[in-house]
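Here's the structure, in structure tokens; my notes come after.
The values are calculated or read from the model by the stated rules, or taken from the named source; none is laboratory data. These numbers come from a predicted model, not from an experiment. We place every Cβ from the backbone using ideal geometry, glycine too, and count neighbours over all the protein chains shown. These area figures cover heavy atoms from the full protein model, side chains too; ligands, DNA and RNA do not enter into them. Shrake-Rupley method; radii C 1.70, N 1.55, O 1.52, S 1.80 Å.
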Amino acid sequence: MSYEITGTTVLTGLLGRPVAHSISPAMHNESFRLLGLDYAYLAFDVGTEELKSAVDGLKILGARGFNLTMPNKNKMCDYVDHLSKASQISGAINTVVNDHGVLTGYTTDGIGYMRAVKDAGFDIIGKKMTLMGAGGAATSVLVQAALDGVAAIQVFSIRDQFFDRAQMIVDKLNRETSCKVSLYDFDDESMFKKSIAESDILTNGTSVGMAPNTDACIIKDESVFRPDLIVSDVIYNPRQTKLLSMAKAHGCPTFNGMYMLLYQGAAAFELWTGKEMPVEQIKAKYFS
């Protein structure tokens, strides 16, 4: 069918800075077209200073919902009426649903990661994870993995501005889920090696190795790799980071962050429309 804006087109979009590089408009608009939905998705360059005004405007315009990217994911918690369980724990939102002026905030990044795990052919429910990082991406993975039933997660982070916040989230998860979560200083090399040796999956939730710094790798000692250790990276540019390349060389099964990106969008799409995103077609067009 042809795709055109009408007098009844439903608005969705993305608020962040920068946003010009985002694949989300193409992914969502193609999905709307494929399903014959009278929706449109636009990207808006909005920072935290303008966020409240932009949200108020979208409410007045009757937007069905919108995504948040950096730097707005945490600040958005101040402007919604309700929070999903994952957003309550993480203090972050990447998707908002507008029900006639009532805003509910969700975080679908972790949902995207957990679905990517299944897509790659793995089942980590009831198993143990070693997670590197305590920033936004790592936190989304941590929270959803704990909520979904991963048995134990050991988080390793440098003592940066995220460390104290990470400890609070770890404490919440230990109170509110059955997952046993621990936080360690990344400098604790012996604990780090022990954790990986006992884990089923090792996940890089940091930006180390992302383009243009593709020669960087968070793992310095390759002896931690073994053929039955799943190694994943939230980075999708490049598609094969140095971490994944090293892990593959030691026989580890690996996957990158491409499908985390796809499936977080698919989860938002379903929240807005009540329909499943045609992910196989979107994969073929934008992720192959």
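Numbers below:
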| quantity | calculated |
| --- | --- |
| Region 234-251, residues that are assigned to a loop (DSSP other than H, G, I, E, B) and open to solvent by 10 Å² or more (accessible area, probe 1.4 Å) | V234, Y236, N237, P238, R239, Q240, H250, G251 |
| Residues of region 166-184 classified as of a type in the set (D, E) and either exposed (fewer than 13 other Cβ atoms within 10 Å of the Cβ) or at pLDDT below 95 (or both), total | 1 |
| Region 143-165 - residue that is in a helix (DSSP H, G or I) and open to solvent by 10 Å² or more (accessible area, probe 1.4 Å) and, of those, nearest to V208 (Cα to Cα) | F163 |
| Matching residues in region 135-165 - criterion: being at pLDDT 95 or above and more than 18 Å from I111 (Cβ to Cβ) | A151, A152, Q154, V155, F156, S157 |
| Segments classed as strands (runs of 3 or more DSSP E), wholly inside region 46-112, with at least 1 members that are at pLDDT 95 or above and open to solvent by 60 Å² or more (accessible area, probe 1.4 Å) | 95-99, 102-106 |
| Residue among D119, D148 that alone is touching a residue at least 60 places away in the same chain (Cβ under 8 Å) and either within 18 Å of the chain's Cα centre (by Cα) or within 30 Å of K283 (Cβ to Cβ) (or both) | D119 |
| Residue count, region 167-223 (criterion: without any contact (Cβ under 8 Å) to a residue 40 or more places away in the chain, part of a strand (DSSP E or B) and hydrophobic (A, V, I, L, M, F, W, C)) | 1 |
| Filtered residue count, region 10-34, keeping only those that are open to solvent by 40 Å² or more (accessible area, probe 1.4 Å) and either modelled with pLDDT under 95 or part of a loop (DSSP other than H, G, I, E, B) (or both) | 5 |
| Residues within region 113-132 that are part of a loop (DSSP other than H, G, I, E, B), open to solvent by 60 Å² or more (accessible area, probe 1.4 Å) and more than 23 Å from L183 (Cβ to Cβ), tallied | 2 |
| Verdict on R239 being touching a residue at least 12 places away in the same chain (Cβ under 8 Å) and basic (K, R) | yes |
| Any hit, region 45-57, residues being of a type in the set (S, T, N, Q), within 28 Å of G7 (Cα to Cα) and touching a Phe, Trp or Tyr at 6+ places or on another chain (Cβ under 7 Å) | no |
| Extreme residue, nearest to P18 (Cα to Cα), among residues of region 35-45 that are aliphatic (A, V, I, L, M) and open to solvent by 60 Å² or more (accessible area, probe 1.4 Å) | L42 |
| Qualifying positions in region 236-255 - under 14 Å from T203 (Cα atoms) and at pLDDT below 95 | Y236 |
| Qualifying residue in region 252-261 (condition: closer than 18 Å to M132 by Cα and of a type in the set (G, A, S)) | yes |
| Residues (open to solvent by less than 30 Å² (accessible area, probe 1.4 Å), within 22 Å of I201 (Cβ to Cβ) and among the aromatic types (F, W, Y)) located in region 256-288 | Y263, F287 |
| Residues satisfying the stated conditions in region 199-233, i.e. open to solvent by 10 Å² or more (accessible area, probe 1.4 Å), polar (S, T, N, Q) and under 16 Å from A138 (Cα atoms) | T206, S207 |
